[in-house]
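These notes are about the structure you will find just below.
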Amino acid sequence: MHPVLKTVLQRLGLGLLTLFVVSVVIFASLEMLPGGFAEAILGQGATPETVAAFNHQVGLDRPATVRYLEWIWNILHGDFGYSYAGLGGNIKRSVSELIAPRLYNTFFLAIMTAVVAVPLSLFLGIMAALYRNSWYDRIVNTITLTTIATPEFFIAYLLMFFFAIKHRWFYSLSTVSENTPLLEHMYRAALPALTLTLVIVAHMMRMTRASLINLLASPYMEMAQLKGVPRREAIVKHALPNAWAPIATVIAFNLAYLVVGVVVVEVVYVYPGIGQLMVDSVSSRDMPVVQACALIFAATYILLNLSADIVSIVTNPRLLHPK
Amino acid sequence: MDETTHKLTTALRQAVRGRISRREFTQLALASGVSLAAANSMFSKAWADEPKKGGTLKIGVGHGATTDSMDPGTYPDQFTGTALWGTLANSLTEIDADGNVVGDIAESFESSDGAKKWVFKVRKGVTFHDGKPVTADDVVASLQHHRGADSKSAAKSLLKEIVVLKADGPDTVVFELTGGNADFPYTVSDYHMPIMPKKPDGTVDWESGNRTGAYKLVKFEPGVKATFTKNENYYKPGKGWFDAVEFYSIKDSAARTNALLSGEIHYMDRCDLKTLDQLQANTDFTVTEITGYGHYIYVMNVTQKPFDDVNVRMAIKYSMDRKDILDKVFFGHGTVGNDNPIAPTVKFAVDPLPKHVYDPDKAKEYLKKAGLDSLAFDLSVSDAAFSGAVDSAILWKEHAKKAGIDINVIKEPDDGYWDNVWLKKPFVASYWSGRPTVDWMMTTAYAADAAWNDTFWKNARFNELLVAARSETDEPKRAAMYAEMQQILHDDGGLVNMQFNPYVEAHVKNMGHGKVAANWQLDGMRIAERWWFT
């Protein structure tokens, strides 16, 4: 079997197992938290009878194992269930309907950020390796390290202050909905994307620079230099192909962050992404939604890691053609 | 008002309605001895105050969650309250800017049998957004939604005093209560109880958002936004001026402020007190501060030592410098409390004497009366009770030292505070959003048998008065009873009312409004129908 295909199949199998474990862990931790959906929604109005009525209606009065098994059985049939919120009426909110637009927004923002941030950090990193210890290298390092060391909400406030209040070039609210046109969606998401770019560039740029510099000391780079290959060409043609594996891993890691970890930026810009949905659902113990979000997040990590590994294999002939 | 001013105000009202001209008004004003400049400015001001139609109002609210639903029984906070009740719907009654209850869907209401039986007449000509007229059946079904064994409504306990709820003809609703309650019309003004259309199966249609309010629902995206468009057939004259209204859930206060500054919203609630000075300095915006019913309190369990001694309680009440805490922790925003949970804007509220101010010597005197030289106790606090609870307690600890009282401040975890600390530990920080009537507040938290009697205080005279006043329909007699109750609670109860917290909100300059209600934030949650753009 082809090594790439083998890895993919192996990883997907392991991934399914991971998803299963994740769902058990999340379910169990939510069960252990004090309070339940009824208490969270009713607040002061939570009397024992109303809580009981609530729990009966959403089926929370049954044992946890039964609920879990029922949930996983439905998942295997492609049914993510209904949110506890608004149950009991004619219009139920299915989890997939609830998540789909949020997930779209999150991916939209992640892709928009990645399209800018990944090439930018590769470029900055390669240049930094090329002109190591120069003024350029130092300035780029200082700036990116500053932006990564600054809390993301603070960067967001600064950008908002300059670009939405001082100069009204952008919106400070990034509220979008399904019928927002593509261009306006991009415009509204510009400041969040810029914030996230500033947050993730340093990591990728530093990793690119470090892995390239590591390789510069290897014998084949010395050989290239001795046979008179220009420095720039040596780095791009000889060093970079060998550095793809660690770079791809870091990029995958940051892309995963863009999908699962941007709730702070979502809150500050009021961007309706999936992070906010997950946080709301956890605080009100809306189990079906939390479970579905957790599965999506876990799957994102698994798939992105898998792609990073595929890149490592494809760019390394020794792994691609094993004996 | 003397006769001249009265005439002038009447003339002004005629002028803005176009009945008399500006010139005629000026002539009249000059004849009454007003200068020309003054007459001119009176005229322009009156114009600005007169409501105008049009515009899209955008409001940023610091609440809202993706789990919010259209079911009014589960409206948790200001986002659902203001958007899905105050903008979209009406209850049987409403509370006006002066704190009085007036009819809303009900045209009139009257009681008999010592306020035990209530008859509400449904207003004629009120229609739902789909054009169907509102009948007594709809009202019954809407309230029934919160009752019954399988109800999961937060308002269920409010309505448990109802024994019989029935429609008597197409426009009469009859309530029979377990006991007399002269304040019953206030109860049905609650934002959990909008009037909704009845479905053929007898239940109520809460899902579709078909209601009676000044605006029709366009779209509700839980936790993100809610949009509305004007209801051209709204029954209330002179209400609902905007063409459209949009509510945004912006939970981060800095983001909310930025949205206001950058012109994305016209109105924000819950301003950040730390940066309020900068916002106030900005001439493009107006900051409003309304003392509501909500209050920040510390409550002790009066059945436990040492709080079972009234002299100890008095010493504790005199050991807190409320003014200092208000200035340092809340930047002066609020009204200091006087150990009476009834806000000054509530009907029948009194300010009992002597005022409980900071007086270490008096505190020491009371300690001596209790036979003590010094006092030490634990105080459990968390910012889950109210934001600033921990800082206030630490400041209080310093104040109390001078009175020989040693407060050991214990910071409890936020999560589960209401389940594990409140009503469990002997002395805790707490919060009430307040209630529109004395009876409602006292019944909720200070009656002997109240589920939320967080001071465990059982005063025979107080409880006797509470029951007697509830069915007393003679207003002066009631006022006297309520005054006595507030005095008893002030002198004997286990609550230290630190302060009444204000609703601090901000809006763009070009908005007009009448007197702002104090019962809820955002002008009693009904800003969309009460305000306008100038």
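Computed from the coordinates by the stated procedures, all read-outs in this text should not be read as laboratory data. The structure displayed is predicted, hence computed values, not measured ones. When we count neighbours, we look across all protein chains shown, and the Cβ atoms used for this are built from the backbone with ideal geometry, even at glycine.
Taking a 28 Å limit on the Cα-Cα distance, which of the listed pairs B:K53/B:K216; B:K166/B:K236; B:K216/B:K251; B:K239/B:K274; B:K116/B:K458 fall beyond it? Don't jump to the answer; show the numbers that get you there.
Values: B:K53/B:K216 16 Å; B:K166/B:K236 26 Å; B:K216/B:K251 25 Å; B:K239/B:K274 35 Å; B:K116/B:K458 25 Å.
The pairs that break the limit, which is 28 Å between Cα atoms, are B:K239/B:K274.
Counting only residues 5 or more places away or on other chains, whose amide H sits under 5 Å from the amide H of B:M196 once H atoms are built in the peptide plane?
The list, which skips near neighbours in sequence, is B:S142.
Is the C-alpha gyration tensor of the stretch B:299-441 telling us rounded, prolate or oblate? Criteria: a/c under 1.5 is rounded; beyond that, a/b larger than b/c is prolate, otherwise oblate.
Rounded, since a/c falls under 1.5.
Taking Cα pairs under 8 Å and at least six residues apart, what relative contact order does chain A come out at, in percent? Please report the intermediate quantities before stating the final value.
Values: 340 pairs, mean separation 88.9, N = 323.
Computed value for chain A: 28 percent relative contact order.
Suppose we keep just the DSSP beta bridges with both residues in chain B; what percent of those would be antiparallel, to 5?
80 percent
Using the per-residue mean of other Cβ atoms lying within 10 Å as a proxy for protection, in what order, highest first, do the peptides B:144-150, A:185-191 fall? Please report the intermediate quantities before stating the final value.
Working: B:144-150: 16.1, A:185-191: 19.3.
For the peptides B:144-150, A:185-191, the packing ranking is A:185-191, B:144-150.
Take every residue in peptide A:30-37, count the Cβ atoms of other chains within 10 Å of its Cβ, and give the average of those counts. Don't jump to the answer; show the numbers that get you there.
On the way: counts 0, 0, 0, 2, 4, 4, 0, 1.
Rounded to a whole number, the mean comes out at 1.
Quote the relative contact order of the stretch B:212-315 in percent (integer), defining contacts as alpha-carbon pairs under 8 Å separated by 6+ residues. Before the final figure, lay out the partial values.
Details: 84 pairs, mean separation 14.6, N = 104.
Across the stretch B:212-315, relative contact order equals 14 percent.
Report the residues of the stretch A:299-321 in range of a label on A:L17: point 7 Å along Cα→C-beta, backbone N strictly under 20 Å from it.
A:299-310
Using a simple charge model, +1 on the beta-carbon of Lys and Arg, -1 on the beta-carbon of Asp and Glu, nothing else, what dipole does chain B show about its Cα centre, in debye to the nearest 20? Let's see the in-between values first.
Numbers: 62 positive and 72 negative charges, 217 e Å.
Its charge dipole is roughly 1040 debye.
Select from A:V176, A:I126, A:V268 the residue farthest towards the positive end of the dipole of the stretch A:101-283; place +1 on Cβ of Lys and Arg, -1 on Cβ of Asp and Glu, and compute about the Cα centre.
It is A:I126.
Give the average, rounded to an integer, of partner chain Cβ atoms located within 10 angstrom of each Cβ in B:259-266.
The per-residue average across the peptide is 5.
Subtract the Cα-Cα distance of B:F331 and B:V163 from 0.36 nm times their separation in residues, and report this length gain in nm to one decimal. Before the final figure, lay out each step's value.
On the way: separation 168, 0.36 × 168 = 60.48 nm, distance 4.77 nm.
Roughly 55.7 nm would be gained on extension.
With unit charges on the beta carbons (Lys and Arg positive, Asp and Glu negative) and the dipole taken about the Cα centre of the stretch A:101-283, which residue among A:T197, A:F107, A:Y187 sits farthest to the positive side?
So the residue furthest toward the plus end is A:T197.
Please average, across the residues of B:149-160, the number of beta carbons from any other chain that are within 10 Å of each residue's own beta carbon, and give a whole number. Can you show the working numbers first?
Values: counts 4, 8, 4, 17, 5, 8, 3, 6, 6, 1, 0, 2.
Neighbouring Cβ atoms belonging to other protein chains average 5 per residue here.
Apply the a/c threshold of 1.5 to the C-alpha gyration tensor of chain A and tell me whether it is rounded, prolate or oblate.
Oblate shape, in that a/c is at least 1.5 and b/c is the bigger or equal ratio.
Can you give the extra length, in nm with one decimal, that the chain gains between A:W73 and A:M223 once fully stretched, where that is 0.36 nm per residue apart less the Cα-Cα distance?
Values: separation 150, 0.36 × 150 = 54.00 nm, distance 6.04 nm.
Fully extending the segment from A:W73 to A:M223 adds 48.0 nm.
With each label point set 7 Å from Cα along the Cα-Cβ vector, what nm distance links A:V25 and A:S283?
2.4 nm
Summing +1 for each Lys or Arg and -1 for each Asp or Glu, what net charge is found among the other residues whose Cβ lies under 12 Å from the Cβ of A:L130?
Working: positive: A:R132, A:R209, A:R231, A:R232; negative: A:D137, A:E233.
Once positives and negatives cancel, what remains is +2.
Which residues in the stretch A:195-237 have a backbone N closer than 14 Å to a point placed 7 Å from the Cα of A:Y131 along the Cα-to-Cβ line?
A:232
Could you name the lysines whose alpha carbon sits less than 27 Å from that of B:K401, not counting residues in the same chain fewer than 8 places away?
B:K305, B:K317, B:K323, B:K328, B:K355, B:K362, B:K364, B:K368, B:K369, B:K411, B:K424, B:K425
Taking the Cβ-Cβ separation of A:M32 and B:D378 as r and a Förster radius of 22 Å, what is the calculated FRET efficiency to the nearest 0.05?
Values: r = 28 Å, r/R0 = 1.27.
The calculated FRET efficiency here is 0.20.
What distance in nm separates the simple spin-label points at B:D449 and A:F123, each placed 7 Å from Cα in the Cβ direction?
Between B:D449 and A:F123, the label points sit 7.6 nm apart.
Considering only the other residues whose Cβ falls under 14 Å of the Cβ of B:S253, what net charge follows from Lys and Arg at +1 and Asp and Glu at -1? Provide the component values of the computation, followed by the final result.
Values: positive: B:K251, B:R256, B:R270, B:K274; negative: B:D252, B:D269, B:D272, B:E505.
Local net charge: 0.
Once the principal axes of the Cα atoms of chain B are found, what is the range along each, listed largest first in whole angstroms?
So the extents along the principal axes, rounded to whole Å, are 75, 62, 49.
Computed FRET efficiency, Cβ-Cβ of B:N510 and B:S35, R0 41 Å: what is it to the nearest 0.05? Walk me through the numbers on the way to the answer.
Working: r = 28 Å, r/R0 = 0.68.
Here the calculated transfer efficiency is 0.90.
Calculate, in nm to one decimal, what B:D130 and B:E232 gain on full extension: separation in residues at 0.36 nm each, minus their alpha carbon distance.
Working: separation 102, 0.36 × 102 = 36.72 nm, distance 1.17 nm.
Going from the current span to full extension adds 35.6 nm.
Put a dot 7 Å past each Cα toward the Cβ at A:S96 and A:T180; how far apart are the dots in nm?
2.5 nm
Work out the FRET efficiency for B:I394 and B:N420 from their Cβ-Cβ distance, taking R0 = 25 Å, and round it to the nearest 0.05. Let's see the in-between values first.
Details: r = 21 Å, r/R0 = 0.86.
Once the sixth-power term is evaluated, E becomes 0.70.
Among residues other than A:D309 whose Cβ falls under 14 Å from its Cβ, what is the net charge (Lys/Arg +1, Asp/Glu -1)? All intermediate terms of the calculation are to be shown ahead of the outcome.
Values: positive: A:K6, A:R11; negative: none.
Here the count lands on +2.
Give the relative contact order (percent, whole number) for the stretch A:101-283; include only Cα pairs under 8 Å separated by 6+ residues. Write down the numbers at each step before the final one.
On the way: 196 pairs, mean separation 64.8, N = 183.
The value is 35 percent.
Rounded, prolate or oblate: which fits the protein assembly as shown when a ≥ b ≥ c are the square roots of the eigenvalues of the alpha-carbon gyration tensor, with rounded for a/c under 1.5 and prolate only if a/b beats b/c? Walk me through the intermediate numbers first.
Values: a/c = 1.74, a/b = 1.63, b/c = 1.07.
It comes out prolate by the Cα gyration axes.
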